[in-house]
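First up is the structure itself, then whatever we jot down about it.
The values are calculated or read from the model by the stated rules, or taken from the named source; none is laboratory data. None of these values were measured; they are calculated from a predicted model. With ideal geometry, Cβ positions are generated from the backbone for all residues, glycine too; neighbour counts draw on all protein chains shown.
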Amino acid sequence: MTQQIRILNQTFLDRLSAEAAATARRRKNFNLHEGDNAVCHRFFNALYADTYVQPHRHADPAKAESIVLLRGRMGVIEFDDQGEVIFSAAVKPGAVVDVPANTWHTWVALEDDTIFFEAKAGPYLPLTPAEKAPFAPPEGDPRAPEYLVRLKSLFTAIT
């Protein structure tokens, strides 16, 4: 297959955001890499304010991740092993967030139509049970919405 240069503009971001709004999870990825085995994963992630991303970590030392916020506002949270918040920051478009491997973290969309670009090492491997935070409810758990509200309360004083 021949590769072609792609320009991903505001129209693309609008479409990705609309697709995210229409999903049950209220988020949507768009991958630029060709498959799960790619050595570098590059993708866009569109989130709505009511989506929940369970705190997690990537234990593999090669799995640091970097994001650039393109739209919206997002809260970035780091936890210790007991689930206590040790760092939180609200970021605006243009911010770059770098998360070292083996760091408990999550993102919360502080407004609808939040989109970031992410890069991390491949290949894609689903999170293991040990990489999902035992101190936080899993996605789909009835306690998750209340936990999300608590996480977002870290940013209520920020405009």
(request) Say whether the condition of being basic (Lys, Arg) and not in a strand (DSSP E or B) is met by at least one residue in the range 46-63. (result) yes
(request) Return only the number of the condition from (1) under 23 Å from CYS40 (Cα atoms); (2) modelled with pLDDT of 95 or more; (3) surrounded by 11 or more Cβ atoms within 10 Å (Cβ to Cβ) that PRO137 does not satisfy. (result) (1)
(request) Check whether at least one residue in the range 21-38 is more than 13 Å from the chain's Cα centre (by Cα) and in a helix (DSSP H, G or I), and report yes or no. (result) yes
(request) Confirm whether ILE67 is touching a residue at least 24 places away in the same chain (Cβ under 8 Å) and either surrounded by fewer than 16 Cβ atoms within 10 Å (Cβ to Cβ) or within 17 Å of LEU8 (Cα to Cα) (or both). (result) yes
(request) Identify the residue in the range 112-128 that is aliphatic (A, V, I, L, M) and at pLDDT 95 or above and, among all such residues, is surrounded by the most Cβ atoms within 10 Å (Cβ to Cβ). (result) ILE115
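Yes or no, residue by residue, for (1) in contact with a Leu (Cβ under 8 Å, 6 or more places away or on another chain); (2) without any contact (Cβ under 8 Å) to a residue 40 or more places away in the chain; (3) not basic (Lys, Arg):
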| residue | (1), (2), (3) |
| --- | --- |
| MET74 | yes, no, yes |
| ILE77 | yes, no, yes |
| ASP80 | no, yes, yes |
| GLY83 | no, no, yes |
| ASP98 | no, yes, yes |
| THR103 | no, no, yes |
